[in-house]
Amino acid sequence: MIHRKARGRSGEGCTPSLAGLRAFWLVALAVVLLPACSPQPESGSQGASSAEQAVVADEEAGLFEAPEIDYPEPLAPLGMIDAREQISLNGDWNFIVDPMCGGCLGAPFGSFSENRPGGGMNLVEYDFESAETVRVPGDWNTQQERLFFYRGPAWYYRTFEIDLNDPDTERILLHFGGANFLADVFVNRTLVGRHEGGYVPFSFDITEVLAEGVPEDGKHFVIVRVDNELGDATVPTGRTDWWPYGGLTRDVSLVRLPNAHLRNAKFELLDAGDEGEGASVSVAVTTSGIAQGTAVSIAVDELGIAATATVGTADRATTTFTADLDLWSPDQPRLYDIKLSTPGGDQLTDRVGFRTIETRGHAILLNGKEVTLRGISTHEEPIAETDRDHGVMFERRQARRVLEEAKALGANFVRLAHYPHSRHMAQLADEMGLLLWEEIPVYWNIDWHNPATLAIARDQMARLVERDWNRPSVIIWSFANETPVSPARMRFLEELADTVRERDQTRLLSAALLGDIRKDMETLVPKLAARALLRDDLEPEDRAVYEAVAQAAGDAASADAIITLVVSDPLEELVDVLATNEYYGWYYSVLIAKSLGVSEGSVRRTMLSMMPDMRLTAAANKPLFVSEFGAGATAGTRSKELDIWSEDYQAAVYHAQIAMLEASPQVAGMSPWILKDFHAMLRPLRGIQDYTNRKGLIAPDGQRKLAFDVLREFYTDK
């Protein structure tokens, strides 16, 4: 049984007494605030199972009893996918929605992967060949209106042709750029494996299946059961403030490799020398099937580099070289073509830049020089320019369009929230000169005690890092967003921090925190009451409450003092950059109004006047980064009275926030929430939200709101 916290209500239509006022609003804030900011996981889960090969269900299982199946695991991450010999499987796939999972393995009359329609006397209640089609890559939610809210299993099917040479000399991999969120993969009716956890690439070796020959109907085929239902054991959980798009959301391809091949390589700047002159670079290559003692060649023609790395134990080869480098930066996004090759004929190329990123006290240093992160957050949804630009981004041009809008804003930094975005984003950011924050969807309150949940999160983290560790644009790995403090959460996130640092120590580590909101409110509420009493537009009922609060708070209710808010969280021990999400101009006003029993408008107007006198700081001697702030606005809605949902109110919040953060010396940057409006099931308000989070600086069609210009003016003046 899942126990959920009840959402409390307080202060509705009542004025608290003087004697108990302070205790009243502190308790009320705790009741209202904590459940709102730490949502509980939804019921239902997908268990993660892994083994070397599939096992047939127990013959003694009951007719309707689900069998236990051990699924083969995906291969270790395959790097440099764009340099591989590939056969694209993108395009139209046949598609069957299966909410009851009637075609799953162990179904009483056979699964979709086992049975095939044959006419005559065969009872088969589906037919892939005559089924409707959907586009791959893409989500099913926005390709068919009836599936917009659908969460559950669905089946993908397509045929393919491939010439298999000699299985002893080559391997064929079936590669997925990502599938949301669980994928069971079959080739020619053979189960080849399962991957759980969306957004990251995975692949299976299907060479032996193909070597068995072409099926009787004359073509190979692949079947994928994709399930986007989320629960308490998944990453993310079932409750998210973005759309849980389902489907094969990224590219699918067949990859042809020599039996002895290069799997990945990491290029790391060990020493930048004198601003790039005399720089030292390490190369670490991972291989498969290549004999020890084999020399892997590394060439950078522009630099005159021709080095070798010798394969040793654990299928690894390492070397270093020295060169005079132009260091990569947003002002000079310099990239070099690096070539890797083996005597057996395997060749890979990558475009790599070299730069350093570190912290010193409160500062972030890029190539040894302090940099302020002028950022913006974004989800992986396109700006609608064609009929195809809906749902999850699936084309490189869509990613470029979003990053172009970030550049137009004057940003030098983009936070890719709240999950790994496609590989196109980091590749384009390399070219366009944008710094990036990449993160995995450990979001709100997940099942911190479940080893299977931790395994999913670690897999996502590892695959993201190994996919993008050569992208100079990526400077921050983030492993969590707005997670409530607990010992179990701390242990879970320590494991994720270790997962990152085992693979990459050349980037900064962070997580978007909520901080101690209750402590912030203890500081804010008395001062807000004193400020409110200076207004001449208060209703008598509100004035009485604020007077009572100010009197109870005593000296803490000063109206003219600077207000210092301290960000604190046990995670400050793990991270290099202390990041915080704060919504003083949006959610916090609601919470204060409800807890005190005053009008929301009186709190909002007072908060806007207070924010320029507020300062953010942290006890830890580390850079402080504001990873979110913002307010909702429907494009085209205007209000001289600064009503919420108007562009004017959103712009006023940005003006106040910028004044606040610019005067906070420990703040090393920010990424306001968010570049563009995005779909969210938590946002049903008809006529305003319509299942869309409206905090974007631009509308879904690219229309810019007033706040876009407010932030652009600030960024371009820096």
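The values are calculated or read from the model by the stated rules, or taken from the named source; none is laboratory data. Please read these numbers as outputs of a predicted model, since none were measured by experiment. Note that each Cβ is placed from the backbone with ideal geometry, even for glycine, and that neighbours are counted across all protein chains shown.
Tabulated values for the structure
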read-out: Elements of type strands (runs of 3 or more DSSP E) in region 209-280, at least 3 residues being within 33 Å of the chain's Cα centre (by Cα) and under 28 Å from Asp350 (Cβ atoms); value: 252-258, 261-271
read-out: Sole exception among (1) surrounded by 14 or more Cβ atoms within 10 Å (Cβ to Cβ); (2) within 17 Å of Arg471 (Cα to Cα); (3) polar (S, T, N, Q) for Thr322, by number; value: (2)
read-out: Filter result for Val525 (without any contact (Cβ under 8 Å) to a residue 40 or more places away in the chain and either touching a Phe, Trp or Tyr at 6+ places or on another chain (Cβ under 8 Å) or closer than 30 Å to Val545 by Cβ (or both)); value: no
read-out: Subset of region 59-96 that is over 26 Å from Arg256 (Cα atoms) and either at pLDDT 95 or above or within 26 Å of the chain's Cα centre (by Cα) (or both) - its residue that is surrounded by the fewest Cβ atoms within 10 Å (Cβ to Cβ); value: Ile96
read-out: Residue satisfying all of: in region 105-130; more than 36 Å from the chain's Cα centre (by Cα) and hydrophobic (A, V, I, L, M, F, W, C); surrounded by the fewest Cβ atoms within 10 Å (Cβ to Cβ) among these; value: Met121
read-out: Enumeration of residues in region 430-452 that are over 27 Å from Val371 (Cβ atoms) and surrounded by fewer than 24 Cβ atoms within 10 Å (Cβ to Cβ); value: Tyr443, Trp444, Asn445, Asp447, Trp448, His449, Asn450, Pro451, Ala452
read-out: Any hit, region 539-561, residues being among the β-branched types (Val, Ile, Thr) and either assigned by TED's automatic domain parsing to the domain that holds Ser377 or surrounded by fewer than 17 Cβ atoms within 10 Å (Cβ to Cβ) (or both); value: no
read-out: Any hit, region 684-698, residues being of a type in the set (Ser, Thr, Tyr) and assigned to a loop (DSSP other than H, G, I, E, B); value: yes
read-out: Strands (runs of 3 or more DSSP E) within region 153-208 that include 1 or more residues touching a strand residue (DSSP E or B) at 6+ places or on another chain (Cβ under 8 Å) and among the aromatic types (Phe, Trp, Tyr); value: 153-160, 170-176, 182-187, 202-205
read-out: Total residues in region 618-644, condition within 26 Å of the chain's Cα centre (by Cα) and either assigned to a strand (DSSP E or B) or over 30 Å from Ile475 (Cα atoms) (or both); value: 9
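A quick yes/no check of all residues on (1) within 21 Å of Asp504 (Cβ to Cβ); (2) charged (D, E, K, R); (3) modelled with pLDDT of 95 or more:
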position: Ala272; (1), (2), (3): yes, no, yes
position: Ala279; (1), (2), (3): yes, no, yes
position: Leu303; (1), (2), (3): no, no, yes
position: Ala314; (1), (2), (3): yes, no, no
position: Phe321; (1), (2), (3): yes, no, yes
position: Gly344; (1), (2), (3): no, no, no
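Each row is one residue, and each column tells you yes or no for (1) touching an Asp or Glu at 6+ places or on another chain (Cβ under 9 Å); (2) aromatic (Phe, Trp, Tyr); (3) in contact (Cβ under 8 Å) with a residue 40 or more places away in the chain.
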{"position": "Thr294", "(1), (2), (3)": "no, no, yes"}
{"position": "Gly312", "(1), (2), (3)": "no, no, no"}
{"position": "Asp326", "(1), (2), (3)": "no, no, yes"}
{"position": "Asp350", "(1), (2), (3)": "yes, no, yes"}
{"position": "Thr372", "(1), (2), (3)": "no, no, yes"}
{"position": "Gly375", "(1), (2), (3)": "no, no, yes"}
{"position": "His379", "(1), (2), (3)": "no, no, yes"}
{"position": "Ala384", "(1), (2), (3)": "yes, no, yes"}
{"position": "Phe394", "(1), (2), (3)": "yes, yes, yes"}
